[in-house]
Amino acid sequence: MSLALYRKYRPGTFAEVKGQEHVTEPLRQALSTGRINHAYLFSGPRGCGKTSSARILARSLNCEKGPTPDPCGECDSCVALAPTGAGHLDVIEIDAASHGGVDDARDLRERAFFAPVSARFKIYIIDEAHMVTREGFNALLKLVEEPPPHLKFVFATTEPEKVIGTIKSRTHHYPFRLMPPGTLRGLLEEILRSESVPYEAAALPLVVRAGAGSARDSLSILDQLLAGADEAGITYARAVSLLGYTDGDLLDEMIAAFAARDGGRVFGAVHRVIEGGHDPRRFAMDLLERFRDLVVLANVPDAAGSGLLDRPGDELERLTGQAASMGPAELTRAAEVFNAGLTEMRGATSPRLLLELMCARVLLPGAGQGESALLARLERLERGGVVAAAPRAVPSSPAGDPEVLAQPQGGAVVPPQDVAVPPPPARAAGDPSRRADSGGVEERAAEEWPAAVRAGAPRPTEEAPAPAPVRAPAGGGAVQQAWPQILEMLKRRSPAVWANVNTNARVVGVEGDLVTLAYTQVGAQRYFVNGGKDSVVASAIGEVLGGNWRVEAVLGNGGTAGPPASAPAVRQPRPAPSPQPQRAPAPEPAPVRTQAPPPVDESWPDAPSDDEGPGPGPGSGFAAARSAAQAAQSRPPKSAAHGWPDAVPGRSTAPSGEADEVDPDNDADADTDELTGMALVQRELGGTVINEIDHS
């Protein structure tokens, strides 16, 4: 049975310890001058030589020619404490993971006061010292603080912060580090020469990378490769398949496909990785490592000579060509994309999808909006490549010209210099294409309730042209297309304003830098205007489209903001009142039929409901109001003198302190000079009273 390499080649002196000169040199100097402390604390990552250095220290202290930095290796103590020795009675190694309790500490304290058997010092090496409990450390505190002259302590741990401060303050702390890649590779080559095993130079970097700076882990991996090696020794192909790394040829193909922007080759390589059973995360890590090497080469051409890269000569030439094919900016952006993607792949349900998305982002720098994406696009243009941007919908020429119009970033269509675009033809008011051109404003006059018309005002005739709907100017396409992004930006700026605009408003027109929003509710429109929310919306539009914008709010399909101003009425002399008709208790008469009104739109003050009017029969509620309005429309328009009065004519006021005794059910006792109630309605509207509503 062969001995493991990490045990067979374990260092026996401080001179044999590799990569820890910052620790071994001070210890050798302390042994030479005799300034030896009673307790030491060795900390550092796993497999970096902490326990081996503790054994070397014990061997140097108990050597017959010592204390000395270079043990003789011939005395009984040196032979017993050699890397392959059986151990010594006066050097006790304790695993704190299983002996870290307070009872173990008390037992150690009782035995520590006994003198050593044959050595100069009794030395306790406590491995994994961070596993000792607080009670155990407290039980050892007095012994570590004031030990007997023959007692020495060496604590070894990977987590020195878990050692209580009272113990740490009484020790000499020496932090160990990971072994540098160059030093570790030299150690591996030395061991392979000692074992007389052939190897390929490209395989050793894989072992060094898998060992991650730990000498013990690297020797364990090398031992595994030696166990499966044949007459050819350690080969690159065997190391790649055994360690699970991505083949360098596949990485070269990926980089070449990225440089040529060949999406088929990129996704084909990803497919082969998945079909081969490789881990997508491992492949992404290997590709990120390759991008790192290329970024270094792109910025430091002599990286191999300066020690920044440890690669064979032929591989360096290939990497130099790959770095030149992409450029520093594009390589940096690709490395950033894969670095962020590796973070997202932790616990992902579909690692392959995330890997393909990362490749797609690298292939399409135009999809990004950051500075790195812009630099990558400029760098690709300088190399003579073609930058693919996100596809945009470009309308064709109105004249049917197949030439594609140029479209800038903002969304407005700008024709080329040599193409004349005729103005769009005029369309009728009811043409559906007119609604499409007006930026989404629909003509809903046929479906909506007609606008209110005051009594006595002239009615629009059929010859009068209907008001044209609000149309969006040529620049409105950009706002219409970017409105979802504007709402999203507004939501981040002010959720309250976003809720008001998103629920109640819509864009009905853009003229220059003025954006018009139409509101369907008066309260929401007044909240928008009175609260000064237009500046918030304008800043959100500017954030998305750039430039300075103004925003106004209108009601319905174009009414301006705020309540309508009413013109003062002109008082005219009124004719003598007619006698007040008396209400007859006879049964309800049939409604008076009037001449059929001309075929014009009816104008109503509000949309009535069928449940208005408490009176029964055909003369109550909605039917009575409609009959009265039809009778008024059959008559010619009245002059301005008979228009709607400024205020309700006043009644005769009662003396102070007395209530008005006018009968609410009948106006017969009203002043003859003033008309009120139904008589006033009869005179002003020119209709016939069908039936009064009895409120009793």
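FYI, it's all coordinate maths here, none of it is from the lab. Only a predicted model underlies this, so the values are computations on that prediction, with no experimental measurement involved. Note that each Cβ is placed from the backbone with ideal geometry, even for glycine, and that neighbours are counted across all protein chains shown.
Which of the three applies to region 259-298, rounded, prolate or oblate, going by the alpha-carbon gyration tensor with a ≥ b ≥ c and a/c under 1.5 meaning rounded?
oblate
Would you please classify the overall shape of region 93-226 from the alpha carbon gyration tensor, given that a ≥ b ≥ c denote the square roots of the eigenvalues, rounded means a/c under 1.5, and beyond that prolate means a/b larger than b/c while oblate covers the rest?
Prolate shape, in that a/c is at least 1.5 and a/b is the bigger ratio.
Only loop residues by DSSP count here, and only those with at most 10 other Cβ atoms within 10 Å; note down the chymotrypsin sites (Phe, Trp or Tyr not before Pro) in region 519-551 that meet that.
Within region 519-551, no chymotrypsin sites (Phe, Trp or Tyr not before Pro) qualify (loop, at most 10 other Cβ atoms within 10 Å).
Trypsin sites (Lys or Arg not before Pro) within region 2-87: which are DSSP loop residues with at most 15 other Cβ atoms inside 10 Å?
Passing sites in region 2-87 are ARG35, ARG46, LYS65.
Which one, PHE267, ALA303, LEU357, is farthest towards the positive end of the dipole of region 246-382 when Lys and Arg carry +1 and Asp and Glu -1 on their Cβ?
Checking the options against the dipole of region 246-382, the answer is LEU357.
By the gyration tensor of its Cα atoms, with a ≥ b ≥ c the square roots of the eigenvalues, what is the shape of region 246-382: rounded for a/c under 1.5, prolate for a/b over b/c, or oblate?
It comes out oblate by the Cα gyration axes.
State, as an integer percentage, the relative contact order of region 5-175 based on alpha-carbon contacts under 8 Å between residues 6 or more apart.
Value for region 5-175: 29 percent.
Considering amide H positions built from the backbone, and no H for Pro or chain starts, which residues 5 or more places from ILE234, or on another chain, come under 5 Å of its amide H?
Amide H neighbours of ILE234, under 5 Å, 5+ apart: TYR199, GLU200.
Applying the Karplus parametrisation 6.51 cos²θ - 1.76 cosθ + 1.60 with θ = phi - 60° to the phi angles of region 95-105, what ³J(HN,Hα) value in whole Hz is obtained for each residue in order, glycine and proline being reported as x?
After applying 6.51 cos²θ - 1.76 cosθ + 1.60, I find 8, 5, 5, 10, 9, x, x, 6, 5, 5, 5 Hz.
For a quick check: with amide H placed at 1.01 Å from N, whose amide H comes under 5 Å from ARG506's, ignoring anything fewer than 5 positions away on the same chain?
Distant-sequence amide H within range of ARG506: ALA518.
Do any of LYS8/LYS162; LYS65/LYS162; LYS18/LYS142; LYS65/LYS142; LYS65/LYS152 go past 26 Å between their Cα atoms, and which?
With Cα atoms farther than 26 Å apart: LYS8/LYS162; LYS65/LYS162; LYS18/LYS142; LYS65/LYS142.
HN-Hα J couplings of region 274-286 from phi, Karplus 6.51/-1.76/1.60, θ = phi - 60°, integer Hz, Gly and Pro as x?
Those phi angles translate into 5, 5, x, x, 7, 6, x, 5, 4, 4, 5, 5, 5 Hz.
Loop-only check: which GluC sites (Glu not before Pro) in region 186-243 are DSSP coil with at most 16 other Cβ within 10 angstrom? Let's see the in-between values first.
Details: sites: GLU189, GLU190, GLU195, GLU200, GLU231; in loops: GLU200, GLU231.
Counting only loop positions with at most 16 other Cβ atoms within 10 Å, the GluC sites (Glu not before Pro) in region 186-243 are GLU200, GLU231.
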